[in-house]
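The values are calculated or read from the model by the stated rules, or taken from the named source; none is laboratory data. Everything numeric in this text was worked out from a predicted model, so none of it was measured. We place every Cβ from the backbone using ideal geometry, glycine too, and count neighbours over all the protein chains shown.
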Amino acid sequence: MAKAVLTISSKNYGAWALRGWLMARFAGLDFTEKVIPPDDPAMKAEMLLLAPSMLVPSLTHNGIKVWDTLAIGEYLHETKPKAGLLPVDVKARAHCRAVCGEMHSGFSALRGALPMNLKAHFPNFKVWSRAQADIDRVLAIWKECLAAYGGPFLFGRTPGLADAMYAPVVTRFLTYDVPLDKTSAAYCKRVMELPAMKEWVAAAKQEPDEIDELDAEF
């Protein structure tokens, strides 16, 4: 059987690529990466949200191709149900899907004001009010989930779909020096210490220092 292939974009700038990649790692999927060069015109359109549809990341597995990050997560949950990407309890599972969906479709001000850039650091960064409202909402989600399910991750003891969806936000908060309460800061540290995150960040730091236009990425 052919190994699964996950097509991704830049590791330094690609928030959606990171989400899909973490989902596959958390699921324990054996896969190879196909990285589309960030200077490829089609990839640039994807990453600047100018493409008619977002086709990266995409996963090819057992003759099936699935794209859109949430669809990849749901597919992996179906094929690797014991991995715990989604909670077992129906109420918790519904809650998880809701907070993942909120990240998938919302927080546009946060995306615009604080683009993902793992190699950068902007101390004392000035956050405008609409982006701050998004930040406040993210922190409220984290604190609610950590309190309700006992941590150390959003829905329990192992990282899952929600942690993958919010991991790029963790990197943004660190890049832009966003002030965090103790609980949220500890959660960010926990995510960044995951072996998968360390591997991704190390690879991101090997990319070219500058990629035209992508500092304006969502």
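For the range 182-218, the set of residues classified as at pLDDT below 95 and within 23 Å of residue 106 (Cα to Cα) consists of 213, 214, 215, 216, 217, 218, listed by residue number. Can you tell me which of (1) closer than 17 Å to residue 100 by Cα; (2) over 12 Å from the mean Cα position of the chain (by Cα) is the one residue 193 doesn't meet? Condition (1) is where residue 193 drops out.
Within the range 113-160, being outside any helix (DSSP H, G or I), touching a Lys or Arg at 6+ places or on another chain (Cβ under 9 Å) and among the hydrophobic types (A, V, I, L, M, F, W, C) holds for 114, 116, 118, 153, 155.
For (1) surrounded by fewer than 12 Cβ atoms within 10 Å (Cβ to Cβ); (2) assigned by TED's automatic domain parsing to the domain that holds residue 161; (3) not in a loop (DSSP other than H, G, I, E, B), each residue gets a yes or a no:
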| site | (1), (2), (3) |
| --- | --- |
| 55 | no, no, no |
| 66 | no, no, yes |
| 70 | no, no, yes |
| 75 | no, no, yes |
| 96 | no, yes, yes |
| 102 | no, yes, yes |
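Of all residue pairs spaced 6 or more apart or on separate chains, none has beta-carbon atoms under 7 Å together with a first member in the range 181-192 that is part of a helix (DSSP H, G or I) and a second member that is among the β-branched types (Val, Ile, Thr) and exposed (fewer than 14 other Cβ atoms within 10 Å of the Cβ).
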